[in-house]
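Student: Once you've had a glance at the structure underneath, I'll fire off some questions.
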Amino acid sequence: MRSPRDSDADVDVVVIGAGQAGLSTAYGLLRQGFEPHTGFVVLDADDAPGGAWQHRWPSLTLTTTHRVHDLPGLPFTPDDDTAPAVESVPAYYAVYERHFDLPVIRPVRVTGVRRTGDDRFRVETDAGAWTARAVVNATGTWTRPFVPRYPGQETFRGRQLHTVDYRVPEEFHGQHVVVVGGGASATQLLGEISRVASTTWVTRREPVWRDDPFDEDAGRAAVALVEEAVREGRRPGSVVGVTGLLTSTPYVRDGLDRGVLERRPMFDRITPDGVEWADGTVVRADVILWATGFRAAVGHLAPLHLRAPGGGIRMDGTHVAGEPRLHLVGYGPSASTIGANRAGQSAARQLRRLLRPDLARTA
């Protein structure tokens, strides 16, 4: 295993990020015949394996999260589905890296990616630089929490936090918490917090509840909508925005039964003591929890000037439109565990054909 000081190397492919998307891509590159270290490296900003999972709140278990799909080539077989996901998933990722002897180098934070004069990419980091013929960005969204702006936000005397800051419900005991957001995280955290505190749930749009199972046909339809957005260069929307919330999910069913998931429309302003609507309705609050999602962590790609007029990055499959050597895995339609698996291996196949047609893929 190389150390971060062994930079200034020239490789075929640099993979940025070692979460589900990055590890899936690394496995794909191995299968396509790229040599670890000399053919490709994986640069990860975290101190340890686990991607975003190592930063999730302790109460999130495998039974309360969306399904964690196996990484390719090695099944995920946890001993206890009720164990915290923050422990079991990173442990699985660590085993995966060791099992395939993946060339993950950490901690290395990528600060910029630039084109060089010889048709390569220079990947600049806090530990030196790598030069590559191709780059696969797999940085996900966890490091870019999104909090919308509302009038009076800076005057609020209580506590404001985002999903990334949440740890345990007990810290809100006896308080009133306004939870903002219509996604799975919002409904799960509402369920937990409402057992120790009073809550108000607000969303920008009316929630869409699904009683029917989210089957493969529904999944393909949802992915198609996101694919259309990224082909046109628009920002990928929320998955929940196209899939809805499943009433069969245990914490959703419980929240509905207890009357916790009674949604109010979005407030118009924030006051020093709470939130207020245009009609004069006021709710006092000690805490505002912004479960308002994330944006793609692609700021280090800014020197490449990839942004389309619609605010997103125009994509053609897994690669940036017009840039077959620059892939974004875990972006848009591949921003799920199963989607990242498929996209990572697809990117690896495309890069072998483009960069190293001489390589023989392994079994």
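Student: Does region 57-87 hold any residues that are hydroxyl-bearing (Ser, Thr, Tyr) and either part of a loop (DSSP other than H, G, I, E, B) or exposed (fewer than 15 other Cβ atoms within 10 Å of the Cβ) (or both), and which are they?
Tutor: 59, 63, 64, 65, 77, 82, listed by residue number.
Student: Let me ask something additional. Here are some residues: 342, 325, 307. Which one is in contact with a strand residue (DSSP E or B) (Cβ under 6 Å, 6 or more places away or on another chain) and surrounded by fewer than 23 Cβ atoms within 10 Å (Cβ to Cβ)?
Tutor: Just one listed residue meets the conditions, 325.
Student: Could you tell me which of the residues 264, 314, 258 is modelled with pLDDT under 95, surrounded by 14 or more Cβ atoms within 10 Å (Cβ to Cβ) and not aromatic (Phe, Trp, Tyr)?
Tutor: The conditions single out 314.
Student: Could I ask something else about it? Would you mind telling me which numbered condition in (1) over 19 Å from the mean Cα position of the chain (by Cα); (2) at pLDDT below 95 residue 114 fails?
Tutor: Every condition holds for residue 114 apart from (2).
Student: Go through region 120-139 residue by residue and tally those that are more than 10 Å from residue 16 (Cβ to Cβ) and touching a helix residue (DSSP H, G or I) at 6+ places or on another chain (Cβ under 6 Å).
Tutor: Of the residues in that region, 2 qualify.
Student: For residue 199, are the conditions met, namely being crowded, with 21+ Cβ neighbours inside 10 Å, closer than 26 Å to residue 327 by Cβ and among the polar types (S, T, N, Q)?
Tutor: Here the answer is no, as residue 199 does not meet what is asked.
Student: Could you please tell me which pairs satisfy a Cβ distance under 6 Å, a separation of 6+ or placement on different chains, a first residue in region 41-56 that is under 14 Å from residue 16 (Cα atoms), and a second residue that is of a type in the set (Phe, Trp, Tyr) and part of a loop (DSSP other than H, G, I, E, B)?
Tutor: 52/142
Student: In a loop (DSSP other than H, G, I, E, B), in the same structural domain as residue 135 (by TED's automatic domain parsing) and within 29 Å of residue 161 (Cα to Cα): is that true of residue 90 in this structure? Can you show your working first?
Tutor: Values: in a loop (DSSP other than H, G, I, E, B): no; in the same structural domain as residue 135 (by TED's automatic domain parsing): yes; within 29 Å of residue 161 (Cα to Cα): yes.
So residue 90 does not fit the description; no.
Student: Has region 255-273 got any residue that is part of a helix (DSSP H, G or I) and in contact (Cβ under 8 Å) with a residue 60 or more places away in the chain? Working first, answer last.
Tutor: Step one: of region 255-273, the residues part of a helix (DSSP H, G or I) are 255-257.
Checking the rest, the ones that are also in contact (Cβ under 8 Å) with a residue 60 or more places away in the chain come to 255.
Yes, region 255-273 has at least one match.
Student: Only one of 112, 128, 117 is assigned by TED's automatic domain parsing to the domain that holds residue 40, in contact with a His (Cβ under 8 Å, 6 or more places away or on another chain) and not aliphatic (A, V, I, L, M); which?
Tutor: None of the other options fit; the residue is 112.
Student: Which residues, counting only those in region 274-292, are crowded, with 19+ Cβ neighbours inside 10 Å and in a strand (DSSP E or B)?
Tutor: Pass one, region 274-292, residues crowded, with 19+ Cβ neighbours inside 10 Å: 274-275, 285, 287-292.
Within region 274-292, 274, 275, 287, 288, 289, 290 qualify.
Student: So, of the residues in region 95-114 that are in a helix (DSSP H, G or I) and not hydroxyl-bearing (Ser, Thr, Tyr), which turns out to be surrounded by the most Cβ atoms within 10 Å (Cβ to Cβ)?
Tutor: Filtering first and then ranking leaves 97.
Student: Being under 23 Å from residue 48 (Cβ atoms) and in a loop (DSSP other than H, G, I, E, B) is the filter here, so list the residues in region 120-131 that pass it.
Tutor: 126, 127
Student: Yes or no: region 194-209 includes at least one residue that is in contact with a helix residue (DSSP H, G or I) (Cβ under 6 Å, 6 or more places away or on another chain) and either in a helix (DSSP H, G or I) or at pLDDT below 95 (or both).
Tutor: No, because not a single residue in region 194-209 is in contact with a helix residue (DSSP H, G or I) (Cβ under 6 Å, 6 or more places away or on another chain) and either in a helix (DSSP H, G or I) or at pLDDT below 95 (or both).
Student: Of the numbered conditions (1) in contact with a helix residue (DSSP H, G or I) (Cβ under 6 Å, 6 or more places away or on another chain); (2) free of Cβ contacts under 8 Å to residues at least 40 places away in the same chain; (3) in a loop (DSSP other than H, G, I, E, B), residue 117 fails exactly one; give the number of that condition.
Tutor: (1)
Student: Separate question: Please go through region 269-296 and give me each residue that is modelled with pLDDT of 95 or more and in contact with a Ser or Thr (Cβ under 6 Å, 6 or more places away or on another chain), ordered by number.
Tutor: Result: 272, 283, 291.
Student: If you don't mind, another one. Starting from residues that are under 25 Å from the mean Cα position of the chain (by Cα) and of a type in the set (Phe, Trp, Tyr), keep the ones in region 31-56 and report whichever is surrounded by the most Cβ atoms within 10 Å (Cβ to Cβ).
Tutor: If we take residues in region 31-56 being under 25 Å from the mean Cα position of the chain (by Cα) and of a type in the set (Phe, Trp, Tyr), then 40 is surrounded by the most Cβ atoms within 10 Å (Cβ to Cβ).
The values are calculated or read from the model by the stated rules, or taken from the named source; none is laboratory data. A quick note: this is a predicted structure, and the numbers were derived from the prediction, not measured. No Cβ is skipped: glycine too gets one built from the backbone with ideal geometry, and neighbour counts run over all protein chains shown.
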